[in-house]
Amino acid sequence: MRIAALTALVFMAVACGGAATPHSTAGTSFTLSPTTPPAKGEIEGFTWSIYAEPPTLDYVYAFDYPQNMILSNVCESLMRWTPQLGLEPGLAEEVEQPDAKTFVYRIRPGVKYHGGGEVTADDVVFSLRRHLDTALGSYWAKSFDRVASIGKSGPMEVTVRLKRPDSQFNQWMATSAGTVVNPRSVQAKGRDYGNPDGGVDCTGPYRLGPWRKGESIALDRFPGYWGKKAKAGQVTFRFITDPAARTNAMLTGEVDGGYLIAPESYAGLRAGGKGSLYFGKSLTTVNLAFTNLKGTLSDVRVRRALSLALDRDGFIKTGLQGVGSIATAPAPGDAWPRQTAAQTGAKRDVAAAKELIRQAGATGKKITVATSPIGTDVSLLATAVQAAGTEIGLDVELKTIAPDAYTALFSDPKARSAVDLFPCTYYLSITDPLASYSIFRSDGFENYMDYADPAYDALVDEAVAEYDPVKRAALTAGLGRKEAEQVLWIPVAEWPTSLYLSRRITGAPTSIAYMYYPWAADVGAAG
(Lines give C-alpha, C1' and ligand atoms only; values in the text may rest on other atoms or scores of the structure.)
Protein backbone atom coordinates (compact mmCIF):
# COMPACT_ATOMS: atom_id res chain seq x y z
CA MET A 1 0.00 0.00 0.00
CA ARG A 2 1.60 3.26 -1.15
CA ILE A 3 1.03 6.18 1.23
CA ALA A 4 3.65 8.75 0.19
CA ALA A 5 1.12 11.02 -1.47
CA LEU A 6 -1.18 11.18 1.56
CA THR A 7 -2.12 14.85 1.87
CA ALA A 8 -5.40 14.63 3.76
CA LEU A 9 -6.02 13.00 7.08
CA VAL A 10 -8.33 10.03 7.40
CA PHE A 11 -9.87 11.39 10.58
CA MET A 12 -10.08 15.11 10.26
CA ALA A 13 -11.99 17.63 8.19
CA VAL A 14 -9.93 20.83 8.11
CA ALA A 15 -10.50 24.34 6.84
CA CYS A 16 -8.20 24.79 3.83
CA GLY A 17 -8.91 28.03 2.08
CA GLY A 18 -12.18 29.80 1.52
CA ALA A 19 -14.04 31.95 3.98
CA ALA A 20 -13.21 32.06 7.65
CA THR A 21 -15.46 30.06 9.95
CA PRO A 22 -17.47 31.93 12.62
CA HIS A 23 -17.98 30.38 16.04
CA SER A 24 -19.91 31.48 19.07
CA THR A 25 -19.84 30.26 22.65
CA ALA A 26 -20.37 31.65 26.12
CA GLY A 27 -21.74 34.87 24.67
CA THR A 28 -18.62 35.74 22.64
CA SER A 29 -18.04 35.28 18.91
CA PHE A 30 -14.72 34.51 17.26
CA THR A 31 -13.59 33.53 13.80
CA LEU A 32 -11.36 30.68 12.66
CA SER A 33 -9.12 31.89 9.84
CA PRO A 34 -7.81 29.21 7.45
CA THR A 35 -4.57 31.11 6.93
CA THR A 36 -2.88 34.53 7.05
CA PRO A 37 -2.14 36.54 3.89
CA PRO A 38 0.95 35.20 2.08
CA ALA A 39 4.17 37.15 2.46
CA LYS A 40 4.94 39.61 -0.33
CA GLY A 41 8.69 39.32 -0.07
CA GLU A 42 11.74 38.56 2.01
CA ILE A 43 12.61 40.28 5.26
CA GLU A 44 15.85 40.63 7.17
CA GLY A 45 14.38 39.06 10.28
CA PHE A 46 11.62 39.04 12.85
CA THR A 47 11.28 38.52 16.59
CA TRP A 48 8.88 35.99 18.15
CA SER A 49 7.64 35.72 21.72
CA ILE A 50 7.61 32.40 23.54
CA TYR A 51 6.39 31.86 27.10
CA ALA A 52 9.27 29.71 28.39
CA GLU A 53 12.83 28.76 27.56
CA PRO A 54 13.23 25.19 26.30
CA PRO A 55 15.08 23.00 28.81
CA THR A 56 16.80 21.34 25.82
CA LEU A 57 16.52 21.16 22.04
CA ASP A 58 17.42 17.49 21.82
CA TYR A 59 14.53 16.08 19.80
CA VAL A 60 14.12 12.99 21.99
CA TYR A 61 12.97 15.34 24.78
CA ALA A 62 10.93 17.74 22.61
CA PHE A 63 7.51 17.18 24.16
CA ASP A 64 6.09 20.65 24.76
CA TYR A 65 5.26 23.87 22.95
CA PRO A 66 8.55 25.82 23.41
CA GLN A 67 10.78 23.01 22.16
CA ASN A 68 8.64 21.99 19.20
CA MET A 69 7.78 25.53 18.10
CA ILE A 70 11.51 26.15 17.60
CA LEU A 71 12.64 22.71 16.42
CA SER A 72 9.97 22.53 13.71
CA ASN A 73 12.06 25.08 11.82
CA VAL A 74 15.46 23.55 12.55
CA CYS A 75 14.98 19.79 12.37
CA GLU A 76 12.95 17.62 10.02
CA SER A 77 11.19 14.29 10.32
CA LEU A 78 10.48 11.50 7.87
CA MET A 79 6.92 12.79 7.47
CA ARG A 80 5.51 16.21 8.30
CA TRP A 81 2.29 18.12 8.80
CA THR A 82 0.98 20.65 6.32
CA PRO A 83 -0.45 24.02 7.42
CA GLN A 84 -3.92 22.50 6.92
CA LEU A 85 -2.97 19.63 9.29
CA GLY A 86 -2.56 17.11 6.51
CA LEU A 87 0.26 14.58 6.34
CA GLU A 88 2.93 14.64 3.63
CA PRO A 89 6.42 13.27 2.96
CA GLY A 90 9.30 15.01 4.71
CA LEU A 91 12.81 13.60 4.60
CA ALA A 92 11.24 10.42 3.29
CA GLU A 93 10.23 11.24 -0.26
CA GLU A 94 8.26 8.03 -0.47
CA VAL A 95 6.73 5.58 2.00
CA GLU A 96 5.34 2.13 1.27
CA GLN A 97 3.54 -0.36 3.48
CA PRO A 98 3.92 -3.78 1.82
CA ASP A 99 2.12 -5.48 4.70
CA ALA A 100 0.50 -4.67 8.03
CA LYS A 101 3.80 -4.96 9.93
CA THR A 102 6.22 -3.19 7.60
CA PHE A 103 6.94 0.43 6.64
CA VAL A 104 9.59 1.19 4.00
CA TYR A 105 10.96 4.75 3.89
CA ARG A 106 12.89 5.92 0.82
CA ILE A 107 15.07 8.81 1.91
CA ARG A 108 15.26 12.05 -0.06
CA PRO A 109 18.73 12.30 -1.69
CA GLY A 110 21.07 15.29 -1.46
CA VAL A 111 19.72 16.69 1.83
CA LYS A 112 22.47 18.62 3.65
CA TYR A 113 23.08 18.97 7.37
CA HIS A 114 23.70 22.41 8.85
CA GLY A 115 27.11 21.22 10.05
CA GLY A 116 28.12 19.56 6.76
CA GLY A 117 27.55 16.22 5.05
CA GLU A 118 24.39 14.68 3.62
CA VAL A 119 21.64 12.55 5.13
CA THR A 120 22.07 8.81 4.67
CA ALA A 121 19.95 5.78 5.48
CA ASP A 122 22.37 4.97 8.30
CA ASP A 123 21.68 8.41 9.82
CA VAL A 124 17.94 7.73 9.79
CA VAL A 125 18.45 4.38 11.50
CA PHE A 126 20.63 6.02 14.17
CA SER A 127 18.13 8.84 14.76
CA LEU A 128 15.12 6.53 15.16
CA ARG A 129 17.00 4.03 17.31
CA ARG A 130 17.85 6.74 19.86
CA HIS A 131 14.23 6.51 21.01
CA LEU A 132 14.84 2.84 21.85
CA ASP A 133 17.81 3.61 24.11
CA THR A 134 16.42 3.24 27.62
CA ALA A 135 19.47 5.03 29.04
CA LEU A 136 18.39 8.17 27.17
CA GLY A 137 14.77 7.95 28.32
CA SER A 138 13.22 9.45 25.20
CA TYR A 139 9.86 11.10 25.80
CA TRP A 140 8.72 9.55 22.49
CA ALA A 141 9.67 5.97 23.34
CA LYS A 142 6.01 4.87 23.49
CA SER A 143 5.71 5.62 19.77
CA PHE A 144 8.10 2.71 19.18
CA ASP A 145 6.42 0.14 21.43
CA ARG A 146 5.44 -2.09 18.54
CA VAL A 147 8.72 -1.79 16.65
CA ALA A 148 10.66 -5.03 16.19
CA SER A 149 13.55 -3.64 14.14
CA ILE A 150 14.78 -0.53 12.33
CA GLY A 151 17.35 -1.20 9.63
CA LYS A 152 18.93 -0.02 6.41
CA SER A 153 17.42 -1.94 3.49
CA GLY A 154 18.98 -0.06 0.56
CA PRO A 155 21.41 2.78 -0.26
CA MET A 156 18.74 5.35 0.69
CA GLU A 157 16.07 3.12 2.20
CA VAL A 158 15.09 2.28 5.77
CA THR A 159 12.66 -0.48 6.74
CA VAL A 160 10.77 -0.54 10.02
CA ARG A 161 9.36 -3.92 10.99
CA LEU A 162 6.68 -4.14 13.66
CA LYS A 163 5.93 -6.81 16.24
CA ARG A 164 2.24 -6.28 15.48
CA PRO A 165 0.22 -3.87 13.34
CA ASP A 166 0.39 -0.21 14.35
CA SER A 167 -1.97 2.26 12.66
CA GLN A 168 -0.29 5.16 14.48
CA PHE A 169 3.37 4.60 13.61
CA ASN A 170 3.58 6.47 10.32
CA GLN A 171 1.62 9.36 11.85
CA TRP A 172 4.19 9.57 14.65
CA MET A 173 6.91 9.93 11.99
CA ALA A 174 5.69 13.50 11.38
CA THR A 175 6.53 14.42 14.99
CA SER A 176 9.79 14.56 16.92
CA ALA A 177 9.61 10.77 16.99
CA GLY A 178 10.57 10.79 13.30
CA THR A 179 13.28 13.47 13.47
CA VAL A 180 16.59 12.85 11.70
CA VAL A 181 19.82 14.35 13.06
CA ASN A 182 23.53 14.14 12.23
CA PRO A 183 24.94 11.19 14.22
CA ARG A 184 28.46 12.63 14.12
CA SER A 185 27.32 15.72 16.01
CA VAL A 186 25.29 13.74 18.56
CA GLN A 187 28.20 11.43 19.26
CA ALA A 188 30.70 14.28 19.47
CA LYS A 189 28.60 16.36 21.87
CA GLY A 190 27.27 13.52 24.01
CA ARG A 191 25.04 14.71 26.83
CA ASP A 192 25.57 18.33 25.75
CA TYR A 193 23.74 17.76 22.48
CA GLY A 194 20.69 20.00 22.30
CA ASN A 195 21.97 22.33 25.02
CA PRO A 196 23.40 25.85 24.52
CA ASP A 197 26.97 24.47 24.48
CA GLY A 198 26.13 21.45 22.34
CA GLY A 199 23.94 22.88 19.62
CA VAL A 200 21.73 21.00 17.18
CA ASP A 201 22.71 19.63 13.77
CA CYS A 202 19.72 19.01 11.52
CA THR A 203 18.44 19.76 8.01
CA GLY A 204 15.67 22.38 8.32
CA PRO A 205 15.32 25.79 6.63
CA TYR A 206 16.93 27.38 9.69
CA ARG A 207 20.00 26.43 11.69
CA LEU A 208 20.48 27.14 15.38
CA GLY A 209 22.15 30.48 16.05
CA PRO A 210 23.14 32.10 19.37
CA TRP A 211 21.35 30.75 22.45
CA ARG A 212 21.48 33.29 25.25
CA LYS A 213 20.36 31.52 28.42
CA GLY A 214 17.38 33.16 30.05
CA GLU A 215 16.95 35.59 27.16
CA SER A 216 16.62 34.28 23.61
CA ILE A 217 17.37 31.77 20.87
CA ALA A 218 18.18 32.92 17.34
CA LEU A 219 17.76 30.91 14.14
CA ASP A 220 19.67 31.76 10.97
CA ARG A 221 18.48 30.94 7.45
CA PHE A 222 20.28 27.86 6.10
CA PRO A 223 21.52 28.58 2.56
CA GLY A 224 21.93 24.88 1.76
CA TYR A 225 18.33 23.91 2.48
CA TRP A 226 16.90 21.37 0.01
CA GLY A 227 13.40 22.85 0.01
CA LYS A 228 11.77 26.25 -0.29
CA LYS A 229 14.04 29.07 0.87
CA ALA A 230 12.98 30.80 4.09
CA LYS A 231 11.72 34.34 3.57
CA ALA A 232 13.34 35.78 6.72
CA GLY A 233 17.08 35.82 7.23
CA GLN A 234 16.82 35.37 10.99
CA VAL A 235 14.23 34.52 13.62
CA THR A 236 14.78 35.48 17.25
CA PHE A 237 12.70 33.79 19.95
CA ARG A 238 12.40 35.92 23.07
CA PHE A 239 11.56 34.17 26.35
CA ILE A 240 8.88 36.28 28.05
CA THR A 241 7.20 34.39 30.89
CA ASP A 242 4.76 37.11 32.00
CA PRO A 243 1.62 37.36 29.79
CA ALA A 244 1.28 41.10 30.34
CA ALA A 245 4.91 41.62 29.36
CA ARG A 246 4.37 39.55 26.20
CA THR A 247 1.39 41.68 25.26
CA ASN A 248 3.30 44.89 25.90
CA ALA A 249 6.22 43.65 23.80
CA MET A 250 3.84 43.06 20.89
CA LEU A 251 2.12 46.43 21.23
CA THR A 252 5.42 48.32 21.42
CA GLY A 253 6.96 46.44 18.52
CA GLU A 254 9.63 44.81 20.68
CA VAL A 255 8.46 41.49 19.21
CA ASP A 256 6.66 40.96 15.92
CA GLY A 257 4.35 38.14 16.88
CA GLY A 258 3.69 34.92 18.73
CA TYR A 259 1.52 31.86 19.11
CA LEU A 260 -0.27 30.82 22.31
CA ILE A 261 -1.59 34.29 23.07
CA ALA A 262 -2.86 34.53 26.65
CA PRO A 263 -6.65 35.05 26.66
CA GLU A 264 -6.36 38.13 28.86
CA SER A 265 -4.35 39.71 26.03
CA TYR A 266 -6.97 39.26 23.29
CA ALA A 267 -8.81 42.54 23.90
CA GLY A 268 -5.66 44.65 24.20
CA LEU A 269 -4.10 43.24 21.05
CA ARG A 270 -7.32 43.68 19.09
CA ALA A 271 -7.65 47.30 20.22
CA GLY A 272 -3.96 48.16 19.94
CA GLY A 273 -4.00 48.75 16.21
CA LYS A 274 -0.47 47.42 15.82
CA GLY A 275 -1.28 44.09 14.18
CA SER A 276 -3.81 41.29 13.77
CA LEU A 277 -5.04 38.54 16.07
CA TYR A 278 -5.98 35.24 14.40
CA PHE A 279 -7.60 32.00 15.55
CA GLY A 280 -7.21 28.66 13.78
CA LYS A 281 -7.63 24.91 14.00
CA SER A 282 -5.85 23.52 17.02
CA LEU A 283 -6.71 19.95 18.15
CA THR A 284 -6.23 21.48 21.60
CA THR A 285 -8.25 20.87 24.74
CA VAL A 286 -8.07 22.38 28.20
CA ASN A 287 -8.39 19.70 30.87
CA LEU A 288 -7.71 18.77 34.45
CA ALA A 289 -5.15 16.00 34.63
CA PHE A 290 -5.04 13.74 37.68
CA THR A 291 -1.65 12.86 39.14
CA ASN A 292 -2.67 10.84 42.20
CA LEU A 293 -5.37 8.18 42.45
CA LYS A 294 -4.28 6.96 45.89
CA GLY A 295 -5.67 9.75 48.03
CA THR A 296 -8.96 11.60 48.03
CA LEU A 297 -9.28 11.17 44.27
CA SER A 298 -9.01 7.38 44.46
CA ASP A 299 -12.81 7.21 44.62
CA VAL A 300 -14.31 7.73 41.16
CA ARG A 301 -17.30 9.42 42.79
CA VAL A 302 -15.05 12.28 43.92
CA ARG A 303 -13.62 12.67 40.43
CA ARG A 304 -17.11 12.63 38.92
CA ALA A 305 -18.31 15.14 41.52
CA LEU A 306 -15.56 17.59 40.61
CA SER A 307 -16.49 17.26 36.96
CA LEU A 308 -20.19 17.85 37.69
CA ALA A 309 -19.50 20.87 39.90
CA LEU A 310 -17.05 22.63 37.57
CA ASP A 311 -18.42 25.78 35.92
CA ARG A 312 -17.05 25.24 32.41
CA ASP A 313 -19.11 28.00 30.86
CA GLY A 314 -17.86 30.46 33.45
CA PHE A 315 -14.27 29.40 32.84
CA ILE A 316 -14.63 29.86 29.08
CA LYS A 317 -16.06 33.35 29.61
CA THR A 318 -13.31 34.42 32.02
CA GLY A 319 -10.33 32.13 31.51
CA LEU A 320 -10.58 31.96 27.70
CA GLN A 321 -12.34 35.29 27.16
CA GLY A 322 -15.14 33.48 25.35
CA VAL A 323 -12.81 31.96 22.75
CA GLY A 324 -13.53 28.27 23.11
CA SER A 325 -16.28 25.71 23.47
CA ILE A 326 -17.20 23.21 26.17
CA ALA A 327 -15.32 19.92 25.83
CA THR A 328 -17.45 16.82 26.33
CA ALA A 329 -14.66 14.23 25.94
CA PRO A 330 -10.83 14.08 25.99
CA ALA A 331 -10.51 13.93 22.19
CA PRO A 332 -11.32 17.19 20.38
CA GLY A 333 -14.41 17.07 18.21
CA ASP A 334 -12.50 17.90 15.01
CA ALA A 335 -10.49 14.70 15.34
CA TRP A 336 -13.51 12.44 14.94
CA PRO A 337 -15.05 11.21 11.67
CA ARG A 338 -18.78 11.72 11.19
CA GLN A 339 -19.59 12.44 14.86
CA THR A 340 -18.44 9.01 15.99
CA ALA A 341 -17.40 10.27 19.42
CA ALA A 342 -19.26 9.11 22.49
CA GLN A 343 -20.43 12.38 24.04
CA THR A 344 -19.97 12.12 27.79
CA GLY A 345 -21.83 15.32 28.61
CA ALA A 346 -20.71 18.26 30.71
CA LYS A 347 -23.91 19.63 32.24
CA ARG A 348 -23.28 21.22 35.61
CA ASP A 349 -25.12 19.68 38.57
CA VAL A 350 -23.86 20.87 41.95
CA ALA A 351 -26.55 19.03 43.93
CA ALA A 352 -25.62 15.69 42.36
CA ALA A 353 -21.95 16.47 42.98
CA LYS A 354 -22.57 17.13 46.69
CA GLU A 355 -24.42 13.84 47.00
CA LEU A 356 -21.52 11.95 45.40
CA ILE A 357 -19.09 13.53 47.88
CA ARG A 358 -21.37 12.52 50.74
CA GLN A 359 -21.65 8.95 49.46
CA ALA A 360 -17.86 8.74 49.08
CA GLY A 361 -17.32 9.97 52.65
CA ALA A 362 -15.03 12.67 51.23
CA THR A 363 -16.51 15.75 52.94
CA GLY A 364 -13.65 17.89 54.30
CA LYS A 365 -10.96 15.80 52.59
CA LYS A 366 -8.06 17.61 50.95
CA ILE A 367 -6.91 17.81 47.34
CA THR A 368 -4.02 19.93 46.02
CA VAL A 369 -4.30 21.67 42.66
CA ALA A 370 -1.35 23.14 40.75
CA THR A 371 -1.64 26.73 39.57
CA SER A 372 0.79 29.10 37.85
CA PRO A 373 1.08 32.72 36.66
CA ILE A 374 1.90 31.27 33.24
CA GLY A 375 -1.51 32.56 32.08
CA THR A 376 -5.06 33.11 33.21
CA ASP A 377 -6.15 29.94 31.43
CA VAL A 378 -4.15 28.04 34.07
CA SER A 379 -4.70 30.25 37.11
CA LEU A 380 -8.42 30.80 36.55
CA LEU A 381 -9.06 27.13 35.90
CA ALA A 382 -7.26 26.24 39.12
CA THR A 383 -9.39 28.84 40.91
CA ALA A 384 -12.55 27.40 39.29
CA VAL A 385 -11.60 23.94 40.60
CA GLN A 386 -11.06 25.37 44.06
CA ALA A 387 -14.47 27.07 43.95
CA ALA A 388 -16.21 23.92 42.69
CA GLY A 389 -14.48 21.67 45.22
CA THR A 390 -15.20 23.99 48.11
CA GLU A 391 -18.86 24.28 47.12
CA ILE A 392 -19.33 20.50 47.26
CA GLY A 393 -17.46 20.04 50.55
CA LEU A 394 -13.82 19.35 49.65
CA ASP A 395 -10.79 21.13 51.10
CA VAL A 396 -8.97 22.43 48.00
CA GLU A 397 -5.46 23.87 48.28
CA LEU A 398 -3.74 25.70 45.41
CA LYS A 399 0.01 25.20 44.92
CA THR A 400 1.71 27.87 42.82
CA ILE A 401 4.38 26.71 40.35
CA ALA A 402 6.67 29.04 38.38
CA PRO A 403 6.05 29.22 34.59
CA ASP A 404 9.43 27.75 33.68
CA ALA A 405 8.84 24.82 36.05
CA TYR A 406 5.25 24.16 34.99
CA THR A 407 6.36 22.29 31.85
CA ALA A 408 8.04 19.70 34.10
CA LEU A 409 4.59 18.50 35.23
CA PHE A 410 4.22 16.86 31.82
CA SER A 411 7.45 14.85 31.99
CA ASP A 412 8.75 14.56 35.56
CA PRO A 413 6.94 12.37 38.14
CA LYS A 414 8.79 14.16 40.94
CA ALA A 415 7.37 17.50 39.82
CA ARG A 416 3.86 16.04 39.99
CA SER A 417 4.28 14.39 43.38
CA ALA A 418 3.19 17.47 45.35
CA VAL A 419 -0.18 17.89 43.60
CA ASP A 420 -3.29 15.78 42.96
CA LEU A 421 -4.27 17.41 39.68
CA PHE A 422 -3.24 20.25 37.41
CA PRO A 423 -4.67 22.32 34.54
CA CYS A 424 -3.44 20.72 31.36
CA THR A 425 -3.63 22.30 27.91
CA TYR A 426 -3.31 19.22 25.74
CA TYR A 427 -2.75 19.03 22.02
CA LEU A 428 -2.81 15.98 19.77
CA SER A 429 0.54 15.30 18.12
CA ILE A 430 -1.17 13.05 15.59
CA THR A 431 -4.60 13.82 14.21
CA ASP A 432 -6.31 10.66 15.39
CA PRO A 433 -8.69 10.64 18.40
CA LEU A 434 -7.20 7.33 19.50
CA ALA A 435 -4.16 9.28 20.66
CA SER A 436 -6.32 10.98 23.30
CA TYR A 437 -7.29 7.64 24.84
CA SER A 438 -4.04 5.71 24.39
CA ILE A 439 -2.48 7.92 27.06
CA PHE A 440 -4.50 6.09 29.73
CA ARG A 441 -2.91 2.74 28.89
CA SER A 442 -1.18 1.39 31.99
CA ASP A 443 2.31 2.14 30.63
CA GLY A 444 1.45 5.42 28.89
CA PHE A 445 3.98 8.23 29.24
CA GLU A 446 1.16 10.71 29.87
CA ASN A 447 -0.70 8.39 32.25
CA TYR A 448 0.21 10.76 35.06
CA MET A 449 -1.83 8.98 37.75
CA ASP A 450 -0.65 5.42 36.94
CA TYR A 451 -4.12 4.17 36.05
CA ALA A 452 -4.10 0.45 35.20
CA ASP A 453 -6.90 -1.69 33.73
CA PRO A 454 -6.06 -4.81 31.64
CA ALA A 455 -9.39 -4.58 29.78
CA TYR A 456 -8.71 -0.96 28.84
CA ASP A 457 -5.19 -1.87 27.69
CA ALA A 458 -6.55 -4.68 25.52
CA LEU A 459 -9.03 -2.38 23.81
CA VAL A 460 -6.29 0.20 23.15
CA ASP A 461 -4.15 -2.52 21.58
CA GLU A 462 -7.03 -3.68 19.39
CA ALA A 463 -7.71 -0.13 18.19
CA VAL A 464 -4.05 0.61 17.46
CA ALA A 465 -3.81 -2.55 15.34
CA GLU A 466 -6.81 -1.54 13.20
CA TYR A 467 -5.83 0.25 9.98
CA ASP A 468 -9.40 0.78 8.77
CA PRO A 469 -10.27 4.32 9.99
CA VAL A 470 -13.99 3.67 10.44
CA LYS A 471 -13.47 0.49 12.45
CA ARG A 472 -10.72 2.18 14.47
CA ALA A 473 -13.04 5.09 15.27
CA ALA A 474 -15.70 2.69 16.57
CA LEU A 475 -13.14 1.01 18.86
CA THR A 476 -11.95 4.42 20.00
CA ALA A 477 -15.51 5.40 20.88
CA GLY A 478 -15.59 2.32 23.12
CA LEU A 479 -12.48 3.59 24.87
CA GLY A 480 -14.23 6.92 25.29
CA ARG A 481 -17.09 5.26 27.12
CA LYS A 482 -14.68 3.38 29.42
CA GLU A 483 -12.75 6.58 30.15
CA ALA A 484 -15.97 8.42 30.97
CA GLU A 485 -17.03 5.68 33.41
CA GLN A 486 -13.75 6.04 35.32
CA VAL A 487 -13.33 9.83 34.86
CA LEU A 488 -9.62 9.52 34.07
CA TRP A 489 -9.38 13.25 33.56
CA ILE A 490 -11.80 16.14 33.37
CA PRO A 491 -12.31 17.69 29.92
CA VAL A 492 -13.09 21.39 30.20
CA ALA A 493 -12.85 23.25 26.89
CA GLU A 494 -11.76 23.05 23.28
CA TRP A 495 -9.43 25.92 22.48
CA PRO A 496 -8.42 27.24 19.05
CA THR A 497 -4.88 28.18 18.12
CA SER A 498 -4.15 31.87 18.69
CA LEU A 499 -1.65 33.90 16.67
CA TYR A 500 -0.63 37.55 16.65
CA LEU A 501 1.23 39.21 13.76
CA SER A 502 2.45 42.80 13.64
CA ARG A 503 1.74 44.87 10.55
CA ARG A 504 5.22 44.28 9.14
CA ILE A 505 5.00 40.48 8.78
CA THR A 506 2.58 37.84 7.50
CA GLY A 507 2.46 34.28 6.19
CA ALA A 508 2.42 32.26 9.41
CA PRO A 509 -0.09 29.37 9.47
CA THR A 510 -3.01 29.85 11.85
CA SER A 511 -3.25 26.17 12.80
CA ILE A 512 -1.31 24.14 15.34
CA ALA A 513 0.86 22.94 12.43
CA TYR A 514 3.58 25.16 13.91
CA MET A 515 4.47 22.20 16.12
CA TYR A 516 5.68 20.00 13.23
CA TYR A 517 5.83 22.23 10.15
CA PRO A 518 8.57 24.83 9.35
CA TRP A 519 6.17 27.73 9.78
CA ALA A 520 8.80 30.45 10.25
CA ALA A 521 10.05 29.87 6.70
CA ASP A 522 6.70 31.17 5.39
CA VAL A 523 6.87 34.43 7.36
CA GLY A 524 7.96 37.47 5.39
CA ALA A 525 7.17 41.06 4.53
CA ALA A 526 3.53 42.10 4.74
CA GLY A 527 3.94 44.90 2.22
| Got at least one residue in the range 11-19 being crowded, with 21+ Cβ neighbours inside 10 Å, at pLDDT 65 or above and not in a strand (DSSP E or B)? | no
| said: Please count how many residues of the range 129-151 are of a type outside the set (Val, Ile, Thr) and crowded, with 16+ Cβ neighbours inside 10 Å. | reply: 11
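Okay, residues lined up against (1) out of contact with any Phe, Trp or Tyr (no Cβ under 6 Å at 6 or more places or on another chain); (2) surrounded by 20 or more Cβ atoms within 10 Å (Cβ to Cβ):
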site	(1), (2)
Ala244	yes, no
Asn248	yes, no
Glu254	yes, no
Ala262	yes, yes
Gly272	yes, no
Phe279	no, yes
| Within the range 373-393, is even one residue under 22 Å from the mean Cα position of the chain (by Cα), in a helix (DSSP H, G or I) and among the small types (Gly, Ala, Ser)? | yes
| remark: Reported set for the range 228-257 where residues are over 15 Å from Arg504 (Cα atoms), without any contact (Cβ under 8 Å) to a residue 24 or more places away in the chain and out of contact with any helix residue (DSSP H, G or I) (no Cβ under 7 Å at 6 or more places or on another chain) is Ala244, Ala245, Asn248
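Residues checked against (1) more than 23 Å from Phe445 (Cα to Cα); (2) touching a residue at least 12 places away in the same chain (Cβ under 8 Å):
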position	(1), (2)
Pro89	yes, yes
Asp99	yes, no
Tyr105	yes, yes
Gly110	yes, yes
Ser153	yes, yes
Arg161	no, yes
Ala174	no, yes
| Do any residues in the range 38-54 that are closer than 16 Å to Ala230 by Cα have Cβ atoms under 6 Å from those of residues that are in a loop (DSSP other than H, G, I, E, B) and of a type in the set (Asp, Glu), where the two are at least six apart or on different chains, and which pairs are they? | Phe46/Asp256; Thr47/Asp256
| query | Tell me, which residue of the range 353-380 that is crowded, with 23+ Cβ neighbours inside 10 Å and in contact with a Gly (Cβ under 6 Å, 6 or more places away or on another chain) is nearest to Phe410 (Cα to Cα)? | reply | Asp377
| Pro38 vs. criteria closer than 25 Å to Phe222 by Cα, in a loop (DSSP other than H, G, I, E, B), open to solvent by 50 Å² or more (accessible area, probe 1.4 Å) and modelled with pLDDT under 95 | no
| field | Matching option when the condition is part of a strand (DSSP E or B), over 21 Å from Arg472 (Cβ atoms) and modelled with pLDDT of 90 or more, among Ala362, Ala353, Ala370 | value | Ala370
| said: For a quick check of your reading of the model, give me the residue pairs whose first member lies in the range 198-215 and is under 18 Å from Glu53 (Cα atoms), whose second is open to solvent by less than 40 Å² (accessible area, probe 1.4 Å) and aromatic (Phe, Trp, Tyr), with beta-carbon atoms closer than 6 Å and at least 6 apart or on different chains. | reply: Arg207/Phe222
| query | Which one is nearest to Ala370 (Cα to Cα), of the residues in the range 412-451 that are polar (S, T, N, Q) and touching a Pro at 6+ places or on another chain (Cβ under 9 Å)? | reply | Ser436
| remark: The residue from Glu494, Glu466 that alone is within 30 Å of Leu277 (Cα to Cα), in contact with a helix residue (DSSP H, G or I) (Cβ under 8 Å, 6 or more places away or on another chain) and acidic (Asp, Glu) is Glu494
| Which of (1) open to solvent by less than 30 Å² (accessible area, probe 1.4 Å); (2) in contact (Cβ under 8 Å) with a residue 24 or more places away in the chain; (3) within 23 Å of Lys294 (Cα to Cα); (4) within 21 Å of the chain's Cα centre (by Cα) is the odd one out, the single condition Asn447 does not satisfy? | (2)
| query | Can you name every residue in the range 154-170 that is surrounded by fewer than 16 Cβ atoms within 10 Å (Cβ to Cβ) and small (Gly, Ala, Ser)? | reply | Gly154
| task | Scan the range 65-106 for residues that are buried (at least 23 other Cβ atoms within 10 Å of the Cβ), among the hydroxyl-bearing types (Ser, Thr, Tyr) and within 24 Å of the chain's Cα centre (by Cα) and report the count. | result | 2
| For the range 508-527, which residues satisfy the criterion of being open to solvent by less than 10 Å² (accessible area, probe 1.4 Å) and not hydroxyl-bearing (Ser, Thr, Tyr)? | Ala508, Pro509, Ile512, Ala513, Met515, Trp519, Ala520, Ala521, Val523, Gly524
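The values are calculated or read from the model by the stated rules, or taken from the named source; none is laboratory data. Remember, predicted model here, so these are calculated numbers, not experimental data. Please note: Cβ atoms are built from the backbone with ideal geometry, for glycine as well, and neighbour counts cover all protein chains shown. Just so you know, the surface numbers come from the protein's heavy atoms only, side chains and all, with ligands and any DNA or RNA stripped out. Shrake-Rupley method; radii C 1.70, N 1.55, O 1.52, S 1.80 Å.
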